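Structure record follows, encoded as structure tokens.
The values are calculated or read from the model by the stated rules, or taken from the named source; none is laboratory data. For clarity, every value in this text was computed on a predicted model and none was experimentally measured. Cβ coordinates were reconstructed from backbone atoms using ideal geometry, including for glycine residues, and neighbour counts include every protein chain displayed. These accessible areas exclude ligands, DNA and RNA; they are computed on the full protein's heavy atoms, side chains included. Shrake-Rupley method; radii C 1.70, N 1.55, O 1.52, S 1.80 Å.
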Amino acid sequence: MLSLFETSKKLKEKVAIIDQSGAYSYEKLLAKSHGIASYLLEKKNDLNQIRVAFMVSPGFDYIAVQWGIWRAGGIAVPLCVTYPFNSLQYVIEDTEADFLVVGAEFEEILSPYQQDPKIKFISTKDFQTAEKKTLPDISKDRGAMILYTSGTTSLPKGVLTTHANIEAQISTLVDSWRWNSSDYTLSILPLHHVHGIINVNSCALWSGATVQFLPQFDAKTIFEIFMEGRVNVFMAVPTIYFKLISYYDTLSKESQKAITDRLKTFRLMVSGSAALPISVMERWYQISGHYLLERYGMTEIGMAISNPYQGERRAGHIGQALQGVEVRLCDEQDNEIPLDKPGEIQIKGPSVFKAYWGKPEATAKAFTKDGWFKTGDIAVMEAGYFKILGRDSIDIIKSGGYKISALEIEEVIRTHPSIKDCGVVGVPDEEWGEKVVAALVTKAAIDIESLNRWIREKIPAYKTPRKYLIVEDLPRNTMGKVTKNELKKLF
Ligand code: MCA
Ligand code: AMP
């Protein structure tokens, strides 16, 4: 049996999940996921790593479907619930999913697949009557999940992790951050990325803790849930802490004091996915009495570097290598360099992913000859703590914790009939980390609002530029290449 489910077998009546439809015990979660696994198996004994894409709202059903896929031997491909059809189609077709599991609220957007002979369209309602079959034994080196990440190529790549990778990613965090069965966390992050899937949900359920779901971010509701008195572990991206601070600052002194008193009782508060501004860390300390524990990770590796659970959590730094993770800094030729010199972070260990799905060349390029994963992030060690200095590619933007490829957005914009050329960059922004902006060279007069609507139908809202500038030409170097640093200055 996969280790993720071991604790749940012992906990029986303990509440695993709370969502808008009610509270669910570990026993219920195991039973439901067993039913789903049996339904997916139909007459087979093992799904043998076929891809099962699923679009289900965060909550009990999402976890039951994810566990059901794993227990039946399939590879889970979670679909982002806010994606437009084009982006969903890309993931479904790139993974060559055989099954598509769809929550009732998403049947309409995915209806083009209802009659598709290549894919089996399954509504979550179909699981209600499933009988329980004997489930396969799954070896841990088999593929478990594919998550999509943007990079220096124009289209997102699928990151394939095995059960062993996922177990390593979870267990190192459970140990390092002392997850335990008396913990209670609030799950608010999107569930097509590692942060929400592994660090929050999987660590909690591995430990026998309780996860309460809030399907959509809302600062007021988050504070209301905090004030109910059960949450003691909270993890989010810096933008969310920024938004919580902005909301807190609008409250009466009385409400602020009540919130502060409550937050002081939390066991752990973590920030990650993007650099935590020192101003946010300091203000959150005043509000909550907690120095946020900042850590560093990536879709391909889970979490790699973390400030300590006990000991100094240093602002502007990401800490030290987590247990079981090897970290080194390298020059451009992949030679290891001393940690006090800036270099690329390279990672080795059991949590490192298996391959980019269907992209052997990209996979080979991502590793050094001696098997280290090249993160593309530049760091240095200062007095025992790693500090991120930047990235090796200007075309990767981090906004609201999401990794976004400038090239992907440019390719979409260039297909608009009135656009001759464009350049997309990320500009610094206190709230979002970076904001996506686009410079446009036009062929004909263009209405920016309708262009923005047109883009939104093609790519997710969080990748859509926040500002546009019409220019005569893009700044270029003598080789004719667009100089993105110059482009940034225009904004
Ligand atoms: C939403 N908007 C954005 C973004 N998201 N703008 C720029 N960047 C974004 N990321 C825009 C919307 O298009 C909308 O614009 C306006 O902001 C409000 O949208 P809304 O959906 O209401 O935003 P929100 O609900 O306030 O969402 C903000 C958020 C969200 C909660 C911070 O972005 C979020 O959940 N981020 C977390 C991402 C995450 O989990 N990343 C982890 C991946 P308009 O007003 O024009 O309509 S990284 C990872 O997994 C690695 C391993 C790691 O290290 O953790
Ligand atoms: P993703 O591909 O979405 O998993 O994003 C991974 C990237 O997020 C890393 O390569 C870093 O660039 C960035 N990142 C994650 N955590 C931090 C952090 N604490 N500080 C700075 N950047 C971070």
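From the list Ala209, Ala219, Ala275, the one residue that fits, being at pLDDT 95 or above, within 25 Å of Tyr62 (Cα to Cα) and buried (at least 18 other Cβ atoms within 10 Å of the Cβ), is Ala209.
Being at pLDDT 95 or above, on the phi < 0 side of the Ramachandran plot, within 22 Å of the chain's Cα centre (by Cα) and outside any loop (DSSP other than H, G, I, E, B) holds for only one residue in Ile287, Ile240, and it is Ile240. Every test in (1) in a helix (DSSP H, G or I); (2) loosely packed, with under 15 Cβ neighbours inside 10 Å; (3) of a type in the set (A, V, I, L, M, F, W, C) is passed by Met479 save one, and that test is (1). Exactly one residue among Glu457, Glu449 is among the charged types (D, E, K, R), free of Cβ contacts under 8 Å to residues at least 60 places away in the same chain and more than 19 Å from Ser393 (Cα to Cα), and that residue is Glu449. Tallying residues that are open to solvent by 60 Å² or more (accessible area, probe 1.4 Å) and of a type in the set (A, V, I, L, M) within region 395-417 yields 0. Those strands (runs of 3 or more DSSP E) of region 398-444 in which at least 1 residues are more than 28 Å from the chain's Cα centre (by Cα) and not basic (Lys, Arg), considering only elements entirely within it, cover 419-429, 433-442. Output yes when any residue across region 247-264 is of a type outside the set (D, E, K, R) and within 15 Å of ligand 2 (Cβ to nearest atom), and no when none is. Among the residues of region 247-264, not one is of a type outside the set (D, E, K, R) and within 15 Å of ligand 2 (Cβ to nearest atom), which makes the answer no. The condition (being surrounded by 14 or more Cβ atoms within 10 Å (Cβ to Cβ) and in contact with a helix residue (DSSP H, G or I) (Cβ under 7 Å, 6 or more places away or on another chain)) is satisfied by just one residue among Phe353, Phe367: Phe353.
Looking at this structure, is Tyr309 hydroxyl-bearing (Ser, Thr, Tyr), more than 10 Å from ligand 2 (Cβ to nearest atom), out of contact with any Ser or Thr (no Cβ under 9 Å at 6 or more places or on another chain) and at pLDDT 95 or above?
Values: hydroxyl-bearing (Ser, Thr, Tyr): yes; more than 10 Å from ligand 2 (Cβ to nearest atom): yes; out of contact with any Ser or Thr (no Cβ under 9 Å at 6 or more places or on another chain): no; at pLDDT 95 or above: yes.
In short, no.
Restricting region 130-159 to residues that are in a strand (DSSP E or B) and either modelled with pLDDT under 95 or more than 14 Å from the chain's Cα centre (by Cα) (or both), the residue that is farthest from ligand 1 (Cβ to nearest atom) is Gly143.
Given the criteria part of a loop (DSSP other than H, G, I, E, B), more than 12 Å from ligand 2 (Cβ to nearest atom), open to solvent by 30 Å² or more (accessible area, probe 1.4 Å) and within 15 Å of Lys387 (Cβ to Cβ), does Glu332 qualify? Even if it seems obvious, please write down each step before you answer.
Details: part of a loop (DSSP other than H, G, I, E, B): yes; more than 12 Å from ligand 2 (Cβ to nearest atom): yes; open to solvent by 30 Å² or more (accessible area, probe 1.4 Å): yes; within 15 Å of Lys387 (Cβ to Cβ): no.
Considered against the rule, which asks whether it is part of a loop (DSSP other than H, G, I, E, B), more than 12 Å from ligand 2 (Cβ to nearest atom), open to solvent by 30 Å² or more (accessible area, probe 1.4 Å) and within 15 Å of Lys387 (Cβ to Cβ), Glu332 comes out as no.
In summary, His317 fulfils each of the numbered conditions (1) more than 11 Å from ligand 2 (Cβ to nearest atom); (2) within 25 Å of Asp429 (Cβ to Cβ); (3) within 24 Å of the chain's Cα centre (by Cα) with the single exception of condition (1). Would you mention how many residues in region 337-350 are surrounded by 14 or more Cβ atoms within 10 Å (Cβ to Cβ) and more than 12 Å from Lys374 (Cα to Cα)? Of the residues in region 337-350, 5 are surrounded by 14 or more Cβ atoms within 10 Å (Cβ to Cβ) and more than 12 Å from Lys374 (Cα to Cα). Inspection of region 74-84 identifies at least one residue that is under 19 Å from Phe353 (Cβ atoms), free of Cβ contacts under 8 Å to residues at least 40 places away in the same chain and open to solvent by less than 40 Å² (accessible area, probe 1.4 Å).
For region 278-295, a residue qualifies if it is open to solvent by 20 Å² or more (accessible area, probe 1.4 Å) and either within 13 Å of ligand 1 (Cβ to nearest atom) or of a type in the set (Val, Ile, Thr) (or both), and exactly one does: Ile278.
What's the total number of residues in region 183-200 that are more than 16 Å from ligand 2 (Cβ to nearest atom) and buried (at least 22 other Cβ atoms within 10 Å of the Cβ)? If you could, list the steps in order and put the result at the bottom.
Here is the first cut: in region 183-200, the residues more than 16 Å from ligand 2 (Cβ to nearest atom) are 183-188.
Next, from what is left, pick out any that are buried (at least 22 other Cβ atoms within 10 Å of the Cβ): 185-188.
Final tally of qualifying residues: 4.
State which residue is nearest to Ser246 (Cα to Cα) when the search covers only region 418-436 and only residues that are hydrophobic (A, V, I, L, M, F, W, C) and surrounded by 22 or more Cβ atoms within 10 Å (Cβ to Cβ). First the steps, then the outcome.
Initially, region 418-436 is screened for residues hydrophobic (A, V, I, L, M, F, W, C), giving 419, 422, 424-425, 427, 432, 436.
If we keep only those that are surrounded by 22 or more Cβ atoms within 10 Å (Cβ to Cβ) as well, we get 422, 424-425, 432, 436.
Working: Cys422: 34, Val424: 28, Val425: 26, Trp432: 13, Val436: 22 Å.
Going through the qualifying residues, I end up with Trp432.
Residue count for region 217-250 satisfying the condition of being over 17 Å from Ile17 (Cβ atoms) and free of Cβ contacts under 8 Å to residues at least 12 places away in the same chain: 5. Val174 meets all of the listed conditions (1) touching a residue at least 40 places away in the same chain (Cβ under 8 Å); (2) on the phi < 0 side of the Ramachandran plot; (3) open to solvent by 10 Å² or more (accessible area, probe 1.4 Å); (4) more than 14 Å from ligand 2 (Cβ to nearest atom) but one, namely (1).
Restricting attention to region 384-394, and to residues there that are assigned to a loop (DSSP other than H, G, I, E, B), of a type outside the set (A, V, I, L, M) and open to solvent by 30 Å² or more (accessible area, probe 1.4 Å), which single residue is farthest from ligand 2 (Cβ to nearest atom)? Show your work before the answer.
Residues of region 384-394 assigned to a loop (DSSP other than H, G, I, E, B): 384, 392-394.
Still in the list and also of a type outside the set (A, V, I, L, M): 384, 392-393.
If we keep only those that are open to solvent by 30 Å² or more (accessible area, probe 1.4 Å) as well, we get 384, 392.
Details: Gly384: 17, Asp392: 10 Å.
Residue satisfying both the conditions and the ranking: Gly384.
Scanning region 264-277 for residues that are part of a loop (DSSP other than H, G, I, E, B) and either within 16 Å of ligand 1 (Cβ to nearest atom) or farther than 19 Å from Leu173 by Cα (or both) returns Lys264, Thr265, Gly272, Ser273, Ala274, Ala275, Leu276, Pro277. What are the residues in region 210-237 that are in a loop (DSSP other than H, G, I, E, B) and not acidic (Asp, Glu), if any? Selection gives Leu214, Pro215, Gln216, Phe217, Gly229, Arg230, Val231, Asn232, Val237.
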